[in-house]
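Student: One structure is given below, represented as structure tokens, and several questions about it will come after.
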Amino acid sequence: ARHGVLALIRQRRRTLVLLFTLALGLTLIGALGIVHRSLRSEILLGRSARAPDHFLIDIQKSQLKGVREVLGRYAGVQTDPAPLVRARLTHVNGQAVGRRDTAAMTVEDRARQRFLTREYNLTYKDSLQDSETLAAGRLWAPRERAPQISLEQSFADRIGVGLGARLGFDVQGRPLDGVVTSLLKIEWMSMRPNFFVVFPARVLEPAPQTFITSVKLTDARQGAALRRELARAYPNISVIDLSKVLDNV
């Protein structure tokens, strides 16, 4: 031990480099362990007994009644189909949103620019579901007609807005402006239909829309039977088996 310590002291620079490398390697191994445990807990949350395991997308408004009847024969836990309205963000606090050259931007600015110019999926509702909690502000009263907006909290941070911000959207050719009156915290691993941007029902309900929903099925045979029945009755509806996705993860 004495000779070993003396050898370390005689080559101090080399010793510092080796100790730093060893410490960095151990830190990396520890970080990988933390990430592994975190991902495992998130995936197990997504595989919990109450989490939906099938997503249905592109449901038309005229098909809602029939789809509910089909799901009622197969699903254990289901949510009401959520409306999905396509739109693009056009203005933030009066400033026009447009495509810009990202070559000279920082990584954060490029990410924000992509976030601003992407196509958005809006929805409308007058109450929160169990995967959503109010983080700031207040949600509008039922049957509200004023164009108010509720934003997911991290989404609001990424585009740099907060309560009182005014956002403008192009909803398939029709302009729609609104004021941010609340921020939401969303549990994404709930596997519910969750959205970054929410409007009151009476504001966005007339817009062209489709619906999505998620359901819980007890076994794989039920999932196969559900997909066959939906394919025969409503061939436009796509069914995504989330259990297979999570198995791959």
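The values are calculated or read from the model by the stated rules, or taken from the named source; none is laboratory data. These numbers were taken from a predicted model, which means no experiment stands behind them. Cβ atoms come from the backbone with ideal geometry, glycine included; neighbour counts cover every protein chain shown. For accessibility, only protein heavy atoms count, side chains too; no ligands or nucleic acids. Shrake-Rupley method; radii C 1.70, N 1.55, O 1.52, S 1.80 Å.
Student: Which of these, GLU132, GLU119, GLU69, has the largest mean-square fluctuation under a Gaussian network model of the chain (Cα springs below 10 Å)?
Tutor: Top of the fluctuation ranking is GLU69.
Student: At 1.4 Å probe radius, can you tell me the per residue accessible area of the chain in Å²?
Tutor: It amounts to 60 Å² per residue over the chain.
Student: Now, a different point. So between ARG86 and ARG10, what do we pick up on full extension, going 0.36 nm a residue minus the alpha carbon distance?
Tutor: Separation in residues times 0.36 nm, less the Cα-Cα distance, equals 20.5 nm.
Student: Cross-link candidates for LYS61: which lysines have Cα within less than 23 Å, leaving aside residues fewer than 8 places away along the same chain?
Tutor: Filter leaves LYS125, LYS216.
Student: Taking the Cβ-Cβ separation of ALA233 and GLU205 as r and a Förster radius of 30 Å, what is the calculated FRET efficiency to the nearest 0.05?
Tutor: 0.75
Student: Related question: Can you give me the Cα centroid spacing of the range 174-203 and the range 67-127 in angstrom?
Tutor: First find each Cα centre; the distance between them is then 9 Å.
Student: So, one more: Does anyone have the angle between helix 12-46 and the longest principal axis of the chain? Alpha-carbon axes, 0 to 90°, nearest 10?
Tutor: Helix 12-46 sits at roughly 20 degrees to that axis.
Student: Of GLU187, GLU152, which has the most accessible area with a 1.4 Å probe, and how do the rest follow in descending order?
Tutor: Greatest to least solvent exposure: GLU187, GLU152.
Student: Ranked by accessible surface with a 1.4 Å probe, highest first, in what order do PHE196, PHE115 come?
Tutor: Largest to smallest exposure gives the sequence PHE196, PHE115.
Student: Right, something else. Using the alpha-carbon atoms, what tilt in degrees (0 to 90, nearest 10) does helix 64-74 show relative to the longest principal axis of the chain?
Tutor: Rounded to the nearest ten degrees, it is 60.
Student: How far is helix 107-117 tilted, in degrees, relative to the longest principal axis of the Cα atoms in the chain, given as a value from 0 to 90 rounded to the nearest 10?
Tutor: Tilt of helix 107-117: around 10 degrees.
Student: Which length gain, in nm to one decimal place, applies between ASN93 and LEU134 when the Cα-Cα distance is subtracted from 0.36 nm times their residue separation?
Tutor: Using 0.36 nm per residue and subtracting the Cα-Cα distance, I get 12.5 nm.
Student: Using 0.36 nm per residue, how much length does the chain from SER127 to ALA141 gain when fully extended, once their Cα-Cα distance is taken away?
Tutor: 4.2 nm
Student: Using a 1.4 angstrom probe and counting only protein chains, how large is the accessible area of ARG228 in Å², to 10?
Tutor: 140 Å²
Student: Let me ask something additional. On a straight-distance basis, which aspartates and glutamates could pair with LYS65 in a cross-link, Cα separation under 12 angstrom, same-chain partners fewer than 8 positions away excluded?
Tutor: Excluding near neighbours in sequence, the set is ASP80.
Student: How big is the antiparallel share of DSSP beta bridges in the chain, given as a percent to the nearest 5?
Tutor: Taking every DSSP beta bridge with both residues in the chain, the antiparallel ones total about 80 percent.
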